[in-house]
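First up is the structure itself, then whatever we jot down about it.
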Ligand SMILES: Nc1nc2c(ncn2[C@@H]2O[C@H](COP(=O)(O)OP(=O)(O)OP(=O)(O)O)[C@@H](O)[C@H]2O)c(=O)[nH]1
């Protein structure tokens, strides 16, 4: 932490960013209707926000079904049913396929096929992991549409076969946000990691929060990468500098700060400014925290609201 370098030690953000278009209501309903045909839920979360990306709407719908939680990143087994995964890493996908066999209710003695359903917030890599499983399991090409923006998958897919003997099929589902994210800072983190459409959020505030967190982490990558003399806590200074550096200037040489902010966010989302977990957890506690997300007690919106109000924004 770079707490005593004169940087801010708190970030104030009070209004939650919410994005819940109609296809998500429909998607959630379809997920619910289809659950009776599903042996196992594979829940994908963004490893940069493993707690902020817990969706309490899923908790209500999925309840206590068999579930494998994947944190999108390089594969690392964290516990019995929690793992990091990377759709670009073959080994990780092979382990996912064996985990699906292991954790589904399927028993090798039966002839039943295994049906899994991948759920998660938008843009966490659900469709990519299904395509990767199909590539690894059957050597077949893409079956699910992917894209770098949230909300590419808008409907529940038909069953996608990813493995043979035993036969494994997966449903792809539209990314679903919570209708209301009670903690504004959590909503900012989800938006920053690309889970909420940028035009719903304020890009310059996201850029400011990113700068605040990079400084908190004591990261100097942006300083070198952007040709700064030293770290700065001033987003206005940084965006003016970046706009000049990337040539984002209006007539008269006025810096285009929005373009600079978008550039800054893209660099972060591409992993070029380092990889940090934005949630306040350590990985020893991640299992416990994830389990907490499943505790029906914590699903009550009132309790969530109270919690969010009592927490100092980080
Ligand atoms: N670094 C990295 N990027 C990934 C991984 N999986 C997916 N991505 C990228 O994340 C973006 C979103 O991937 P999708 O598979 O479309 O995500 P989704 O969850 O299906 O998105 P929605 O359609 O919004 O529900 C794409 O740009 C992918 O290339 C991963 O394991 N590692």
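Read-outs throughout are calculated quantities, based only on the coordinates presented, and are distinct from any laboratory measurement. Quick caveat: nothing in here was measured; it's all calculated off a predicted structure. As a convention, Cβ positions derive from the backbone with ideal geometry for all residues, glycine included, and neighbour counts pool all protein chains shown.
For the range 137-208 and the range 226-244, compute the distance between their C-alpha centroids and round to whole Å.
The range 137-208 and the range 226-244 have Cα centres separated by 32 Å.
What is the spin-label model distance, in nm, from residue 88 to residue 165 if the labels are put 7 Å beyond Cα along the C-beta direction?
Distance between the two pseudo-spin positions: 3.3 nm.
Quickly work out the residue 258-to-residue 217 label distance, labels modelled 7 Å from Cα along the C-beta direction, and quote it in nm with one decimal.
2.8 nm
For a footprinting-style exposure proxy, rank 251, 99, 53 by other Cβ within 10 Å, fewest first.
Working: 251 5, 99 20, 53 27.
Listing 251, 99, 53 from fewest to most nearby Cβ atoms yields 251, 99, 53.
Over the range 184-270, what is the mean sequence separation of C-alpha contacts under 8 Å (at least six apart), divided by residue count, expressed as relative contact order in percent?
Values: 62 pairs, mean separation 24.9, N = 87.
Rounded, it is 29 percent for the range 184-270.
Suppose the chain between residue 229 and residue 15 were pulled fully straight at 0.36 nm per residue; how much longer would it get relative to their current alpha carbon spacing? Could the numbers behind the result be given before it?
Values: separation 214, 0.36 × 214 = 77.04 nm, distance 3.39 nm.
Separation in residues times 0.36 nm, less the Cα-Cα distance, equals 73.6 nm.
Taking neighbour counts of Cβ atoms within 10 Å as a proxy for exposure, in what order, fewest first, do 200, 119 appear? Mind dumping the intermediate values first?
Numbers: 200 15, 119 25.
Final ranking by Cβ density, sparse to dense: 200, 119.
Quote the relative contact order of the range 22-172 in percent (integer), defining contacts as alpha-carbon pairs under 8 Å separated by 6+ residues.
Working: 270 pairs, mean separation 35.4, N = 151.
Once normalised by length, the contact order is 23 percent.
By per-residue mean of other Cβ atoms within 10 Å, what is the highest-first order of 166-176, 210-220, 31-41?
Numbers: 166-176: 22.1, 210-220: 19.0, 31-41: 16.5.
Highest-to-lowest ranking by the protection proxy: 166-176, 210-220, 31-41.
With contacts defined as alpha carbon pairs under 8 Å and 6 or more residues apart, what's the relative contact order of the range 104-209 in percent?
Details: 156 pairs, mean separation 30.0, N = 106.
Computed value for the range 104-209: 28 percent relative contact order.
Could you list 92, 187 in order of exposure, starting from the residue whose Cβ has the fewest other Cβ atoms within 10 Å? Please list the in-between numbers first.
On the way: 92 21, 187 26.
In order of increasing Cβ crowding within 10 Å: 92, 187.
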